[in-house]
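To start, the structure under review is shown below, and the notes come after it.
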Number of protein chains: 2
Amino acid sequence: MSEPSAPVTLAVDCMGGDHGLSTTLPACARFLQRHPDVKLLLVGQPEAVSAGWSRLKEAAAIPAERVRIVPASEVVSMEDPVEIALRKKKDSSMRVAIAQVKEGQAQAAVSAGNTGALMAIARYVLKTVEGIDRPAIATQMPNAKGAATTVLDLGANVDCTPEHLLQFAIMGSALVSVLKDNPRPSVGLLNIGEEAIKGSETIKKAAELLGAAGERGDINFYGNVEGNDIFKGTTDIVVCDGFVGNVALKASEGLASMIASFLKEEFSRGVFSKVAAVLSYPVLSALKKRLDHRRYNGAALLGLRGLVFKSHGSADALAFGYALESAYDAARHQLLARVEQRIQACVMPSPGAVA
Amino acid sequence: MSEPSAPVTLAVDCMGGDHGLSTTLPACARFLQRHPDVKLLLVGQPEAVSAGWSRLKEAAAIPAERVRIVPASEVVSMEDPVEIALRKKKDSSMRVAIAQVKEGQAQAAVSAGNTGALMAIARYVLKTVEGIDRPAIATQMPNAKGAATTVLDLGANVDCTPEHLLQFAIMGSALVSVLKDNPRPSVGLLNIGEEAIKGSETIKKAAELLGAAGERGDINFYGNVEGNDIFKGTTDIVVCDGFVGNVALKASEGLASMIASFLKEEFSRGVFSKVAAVLSYPVLSALKKRLDHRRYNGAALLGLRGLVFKSHGSADALAFGYALESAYDAARHQLLARVEQRIQACVMPSPGAVA
């Protein structure tokens, strides 16, 4: 894929997430050092952002013209209900960051703030692309092929219709074709394997819709997959309801944490194990890296008329940096235009498209 | 818990699963050696079972009176649709094994055959306990506390109502209180964590029902849990829809396999890593054991008027042996009577209970 040369500007919600400025600003400084073509809009309470940034920018030797502080007087907390975030905090850093995208000041916004609020505000401010009823959250999970499987939806939508699942398949295909330079990524529909009880009515209907879209060439539909196929890497993309996707993601994170703690504990039990741990260091650190969910941080909100990326709320500076990288990749490869093109090119049976 | 002394008889579907007799018979022989108080009914095509068993029984020195071959002329294949298994194969080993329980010849049946067929036949032959609309499949998953979390449903039921989820909570509580000697096991309702989009209407309603049951003392309700809590061991029991449970289980199996392959590959890369692997052997084999899903084989079908245990279709003899152990534990601790007592003692808002 050719490297676009236009500079990229990202709007960063500096106040969001569990740690706010203490995480977002150091991540921004390192990100600016890595990418000389990038400008950042640091959105947040101006005194706090300014105080934090002035210390960092000198240490990192970042020219003043590459950063602009955009004031926002309010903060959406991790606990704020969507209604409060959307209706009462109209000058929140989250909303102002998204507004930068809407106004063309930035190509993408990044926030570690609460997902429900982020999705609601992004949808309200940016609106959905024509043909898409509901935006989805897409993330990547490491697979046995040494690559990553893109899974969507991750929790934005519960109770999906078959049409929504088809929309997710199309948006996911656009995302992967752009970011992975893979023109025909394969799509699996997440289902359960037992013969008689194979999926709900929704899944059966979705399989028909995805099959028809595959025959038309709108997507490269593989068929049904099961939970283990996410990690096998059977398909490039796995499509599911947000409830199911969220549970699969969190269960996997829980298992990975359990294994990491187990290894740490066992390898520090006695001198012999400690020696083994030292010798095993290259393998264990490769495993840790492979499973480190911080490397997969930066979920895309797809289906909106603007690019928004969501970081884990608990992200540290390293993880937040990966979310910035995802937004940067998407912006410089014109993900938005390419998702829209792909959606317009597809036959969408959604009621939203008809209306 | 006191050790009941009455002998236990189990009916084994020897033909079921991917491997049939070559797996089930050796597992039966070892199981009989481990437990001198057990008798087995080996159900299957009599010539084949008899030929296989005659070789094993001598090597294992098992007295003839501890085993009886019960003839069944048909086999339910892993691919058979439920309708075929239920209506056309009335003399299948699966059905005959379950009929042994119905007729009081055995206290529990064990099969590695296809889950959909097993559930349908068990339900048809045994019927459900009063107050239970749908049987559920419960299994155990290892947790960070070094114990196991009991998760149900694992795929018998998609599209559950809130009342079904309450029934699962009550049945799971009975199972754990009997098998783990834990009179008040805690119950979590599997949900997703985001504030605004917290679960579907079904889950919200289920949380109310489970909360009310907790207040009445019918269950020890903890509240909502997320996917990672299964492996944290936050609660003794996690209740969910069969679709979600199946995906969570299979995704976890997929991740565990990926990690195992990764370690194997990395530790065999070069001489240095091989030395590290040898020194790390105790830790790695402890990890392998901890994650080995064969040790958790043997899912309980709950809510039926008889005990039925389901082995993984792909189980080897070791794994099938664990399924036999589960059935044995359940039978000797009178699981059936205790589940029924617990259900009768609860206030069940199910339409099934009213009818």
Task: DSSP H segments from chain B that extend 27 Å or more along their own axis, Cα-based, with Kyte-Doolittle mean of -1.0 or above - done: B:242-267
Task: Gain upon complete extension [A:K180, A:K145; 0.36 nm per residue less C-alpha separation] - done: 11.1 nm
TODO: Indicate, rounded to the nearest 5 percent, the antiparallel portion of the DSSP beta bridges found entirely in chain B.
DONE: 30 percent
- [ ] Extending each Cα 7 Å along its Cβ direction at A:Q344 and B:D37, get the distance between those two points in nm, one decimal.
- [x] 7.6 nm
Open item on the list: Taking a point 7 Å out from Cα toward Cβ as the label site, list the nm distances between A:S73 and the same residue in every other copy, smallest first.
Closed with: 8.6
- [ ] May I ask which residue of A:T149, A:S261, A:A136 lies farthest towards the positive end of the charge dipole of the range A:136-301, with charges of +1 (Lys, Arg) and -1 (Asp, Glu) on Cβ and the Cα centre as origin?
- [x] A:S261
TODO: With no solvent and one equal point scatterer per Cα, compute the Debye intensity ratio I(q)/I(0) for the range A:136-301 at 0.09, 0.14 Å⁻¹ and report its log10, rounded to two decimals.
DONE: -0.35, -0.72
TODO: Select from the range B:26-124 those GluC sites (Glu not before Pro) which occupy a DSSP coil region and have at most 10 other Cβ atoms within 10 Å, ordered by residue number.
DONE: B:E79
Task: Signed unit charges on C-beta, dipole axis of the range B:136-293, positive-most listed residue B:G233, B:I170, B:C160 - done: B:G233
Open item on the list: Distance cut-off 25 Å, Cα to Cα: go down the list A:K250/B:K310; A:K204/B:K232; B:K102/B:K205; A:K204/A:K232 and report the pairs above it.
Closed with: A:K250/B:K310; A:K204/B:K232; B:K102/B:K205
Open item on the list: Give me the dipole magnitude in Debye, nearest 20, for the range B:136-293 about the Cα centre, with unit charges on the beta carbon: positive for Lys and Arg, negative for Asp and Glu.
Closed with: 800 debye
- [ ] In Å and from the alpha-carbon atoms only, list the Rg and Dmax of the protein assembly as shown.
- [x] 27.5, 90
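Grab the DSSP H runs of chain B that are 4 residues or longer, score each as -39,500 (n - 2.57), total them, divide by all residues and round the 222 nm result to the nearest 500 deg cm²/dmol. Display every interim value, and only then the final one.
Working: 13 runs with 169 residues, N = 355.
Computed ellipticity for chain B at 222 nm equals -15000 deg cm²/dmol.
Pairs of Cα atoms under 8 Å, at least six residues apart: use those to get the relative contact order of chain A, whole percent.
Values: 705 pairs, mean separation 82.0, N = 355.
So the answer I get is 23 percent.
Go ahead and run the numbers for FRET between B:S257 and A:R66, Cβ-Cβ distance against an R0 of 35 Å, rounding to 0.05. Please list the in-between numbers first.
Details: r = 45 Å, r/R0 = 1.30.
Given R0 = 35 Å and the Cβ-Cβ separation, E is 0.15.
Quick one: of the DSSP bridges fully inside the protein assembly as shown, what percent are antiparallel, nearest 5? Mind showing how you got there, number by number?
Working: 24 of 84 bridges.
The answer is about 30 percent antiparallel.
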TODO: Report the charge-dipole magnitude of the protein assembly as shown in Debye, nearest 20, computed about the Cα centre from +1 at each Lys and Arg Cβ and -1 at each Asp and Glu Cβ.
DONE: 1300 debye
TODO: Rank these for me by crowding, B:I237, A:I69, going from fewest to most other beta carbons within 10 Å.
DONE: A:I69, B:I237
TODO: Along Cα-to-Cβ, 7 Å out, sits the label point; list in nm, shortest first, how far the one on A:S285 is from those in the other copies.
DONE: 2.9
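For peptide A:184-193, compute the average count of partner chain beta-carbon atoms within 10 Å of each residue's beta-carbon. Walk me through the intermediate numbers first.
Numbers: counts 0, 0, 0, 0, 0, 0, 4, 4, 12, 7.
Mean shielding by partner chains, rounded to a whole number: 3.
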- [ ] Report the charge-dipole magnitude of chain B in Debye, nearest 20, computed about the Cα centre from +1 at each Lys and Arg Cβ and -1 at each Asp and Glu Cβ.
- [x] 840 debye
TODO: With unit charges on the beta carbon (Lys/Arg positive, Asp/Glu negative), name the residue among A:Q344, B:L249, A:Y296 whose Cα is farthest towards the positive pole of the charge dipole of the protein assembly as shown.
DONE: A:Y296
TODO: Give the distance, in whole Å, between the Cα centre of the range A:65-88 and the Cα centre of the range A:238-284.
DONE: 35 Å
Task: Space enclosed by the convex hull of the alpha-carbon atoms of the range B:1-99, per residue, Å³ - done: 115 Å³
- [ ] Only bridges with both residues in the range B:136-293 count here: give the DSSP antiparallel percent, nearest 5.
- [x] 30 percent
Task: Long-range HN-HN contacts of B:L307 with modeled amide H, under 5 Å - done: B:A109
Task: Potential lengthening between B:S54 and B:K127 on full extension [0.36 nm per residue; Cα-Cα distance subtracted] - done: 22.7 nm
Open item on the list: Measuring nothing but label to label, 7 Å from Cα along Cα→Cβ, what are B:E103's distances to the other copies in nm, shortest first?
Closed with: 8.2
TODO: Once you have the Cα-Cα distance between B:Q334 and B:E103, take 0.36 nm times their residue separation minus that, and quote the gain in nm to one decimal.
DONE: 81.5 nm
TODO: Wrap a convex hull around the Cα atoms of chain A, take a quarter of its surface area, and give that in square nanometres.
DONE: 20.1 nm²
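Where a number appears in this text, it was derived from the coordinates with a stated rule and is not lab data. Here the structure is a predicted model, which is why all the values come from computation and not from measurement. Neighbour counts are summed over all protein chains in view; Cβ atoms, including those assigned to glycine, are modelled from backbone coordinates with ideal geometry.
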